[in-house]
Amino acid sequence: MLERAPEEKTGWHYVACVGSPDCLRPEDAEVDVEVDHDIHLIGQGRTLAAGDRRVLETVGGQALLALRGQRMTADAAEAHRKAEGAELRSALLSASATTCAQPLTSIKAAAGSLRDPELVLSDSDSQELLATVEESVDRLTALVDNLLDSSRLAAGAVVTRIVPVGYDEVVALALTGVDDARRVPAGRRRGAAGGAR
């Protein structure tokens, strides 16, 4: 089955083929049945009788319906994927706005305290405020990286690779976004199952 190339291209291309492709133009085929203006069912062998040709026209019509159905299914799947991606991005942006608020508030408060000329801070207090700024910036950076990764996933630019992970890895990553994660007992941070996979 040959299909005419899109307007920006010229010639024909195979949609489906049984055996080796012998010709790339309907006019070069020994049997040429025009199923549609842009779709031709072609074959090699002998010239067909009128009855056989009508059978081939019917087969070609069914093949065209199958091709259109296949393409509609592919288009619907692509539209569904895009809709899911848009929904995911919307949910991520909504969650990110909330997640960003906490480290931004911490940065603002710490920077305001450090800049306040009337506030006398000890060296240890200043170091603690600077550490708060640094930790909050790290959390924001991780969040932006996650958003970029999610955007790439939604766009199909990255292929996911599913592998088993231990509880300790998941818990450690989850605790990076928790204030004062050091208060979580070390045994619990490693995971109750001891890193079982």
> Just checking, how many residues over segment 53-66 are of a type in the set (D, E, K, R) and modelled with pLDDT of 80 or more?
Replying inline: 2
> Could you list, in sequence order, the residues of segment 97-118 that are of a type outside the set (A, V, I, L, M, F, W, C), touching a Leu at 6+ places or on another chain (Cβ under 7 Å) and open to solvent by 60 Å² or more (accessible area, probe 1.4 Å)?
Replying inline: 99
> Are any of the residues in segment 92-105 of a type in the set (Val, Ile, Thr) and farther than 30 Å from residue 139 by Cα?
Replying inline: no
> If you take the residues in segment 21-39 that are open to solvent by less than 30 Å² (accessible area, probe 1.4 Å), out of contact with any His (no Cβ under 9 Å at 6 or more places or on another chain) and more than 16 Å from residue 54 (Cβ to Cβ), which one is modelled with the highest pLDDT?
Replying inline: 39
>> Within segment 86-96, does at least one residue satisfy the condition of being open to solvent by 60 Å² or more (accessible area, probe 1.4 Å), out of contact with any Lys or Arg (no Cβ under 8 Å at 6 or more places or on another chain), in a helix (DSSP H, G or I) and under 30 Å from residue 131 (Cα atoms)?
In response: yes
>> Given the criteria part of a helix (DSSP H, G or I), acidic (Asp, Glu) and open to solvent by 90 Å² or more (accessible area, probe 1.4 Å), does residue 128 qualify?
In response: yes
>> Here's a check for you: in segment 30-55, which residue that is assigned to a loop (DSSP other than H, G, I, E, B) and of a type outside the set (Gly, Ala, Ser) is farthest from residue 20 (Cα to Cα)?
In response: 37
>> Under 7 Å between Cβ atoms, which residue pairs at least 6 apart in sequence (or on different chains) link something in segment 162-174 that is within 21 Å of residue 99 (Cβ to Cβ) with a partner that is at pLDDT 80 or above and not in a helix (DSSP H, G or I)?
In response: none
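The values are calculated or read from the model by the stated rules, or taken from the named source; none is laboratory data. Computed from a predicted structure; not experimentally measured. Quick reminder, even Gly has a Cβ in these numbers, built from the backbone with ideal geometry, and neighbours come from all protein chains shown. Heads up: the accessible areas ignore ligands, DNA and RNA and are worked out on the full protein's heavy atoms, side chains in. Shrake-Rupley method; radii C 1.70, N 1.55, O 1.52, S 1.80 Å.
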